[in-house]
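Here is the structure we will look at.
The values are calculated or read from the model by the stated rules, or taken from the named source; none is laboratory data. This one's a predicted model, so the numbers in the text were calculated from it and none came from an experiment. Note: ideal-geometry Cβ built from the backbone for every residue, glycine included; neighbour counts use all protein chains shown. Ligands, DNA and RNA are stripped out before the accessible areas are found, and what is left, the full protein with its side chains, is counted by its heavy atoms. Shrake-Rupley method; radii C 1.70, N 1.55, O 1.52, S 1.80 Å.
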Amino acid sequence: MILLSASGWTVPQLASHFHCCLATVRRLLHQFAAEGLPALHRQHRGPTPDIQRHERIQQALAELLAQERTWTSAQLAEALHPQGIHLFARQVRRYLHAMGARYRRTVRTLHHKQDPERVAQAKEDLAAFKKGHKRAS
């Protein structure tokens, strides 16, 4: 935009070419005239990152994940509350991703609650029905 302006393009021509409003073109040209090349770099908005807070949260999450249990992100967010860390589940997932933590869906089975004798009997009954034999009760 600066180079085209220097070659003689007008503000309306620049705005049309770059699909932006006239005020944006004027602001950029005025900033470039006042500040030079630094005016062309985008300014980061918001506060600077709080590195100490990030480290504290990651340490707390690492301690919780070291426990022998399965966590959801909402449960982790709740577990962080007593430590004075108030996050939502989505924020917890972002921290976990940044930490390189991986997850896997839990398997929803009842194998751990099944009685082996009853399972064997049920398999025999099913096999008998498949063969066409009905079991006498």
Inset, instruction - From 102, 56, grab the single residue that is surrounded by 10 or more Cβ atoms within 10 Å (Cβ to Cβ), basic (Lys, Arg) and more than 30 Å from residue 2 (Cβ to Cβ). - result: 56
Inset, instruction - List every residue pair whose Cβ atoms sit under 9 Å apart, with the two residues 6 or more apart in sequence or on different chains, where the first one lies in the range 119-132 and is open to solvent by 60 Å² or more (accessible area, probe 1.4 Å) and the second, anywhere, is modelled with pLDDT under 85. - result: 124/135; 129/135
Inset, instruction - Collect the residues in the range 56-78 that are over 23 Å from residue 107 (Cβ atoms) and without any contact (Cβ under 8 Å) to a residue 24 or more places away in the chain, keeping them in residue-number order. - result: 59, 63, 77, 78
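Filter the range 66-111 down to residues that are among the basic types (Lys, Arg) and on the phi > 0 side of the Ramachandran plot, then give me how many there are. Quick ask: steps written out before the conclusion?
Taking the range 66-111 as the starting set, the residues that turn out to be among the basic types (Lys, Arg) are 69, 90, 93-94, 102, 104-105, 108.
From what's left, on the phi > 0 side of the Ramachandran plot: none.
Looking only at that region, the number is 0.
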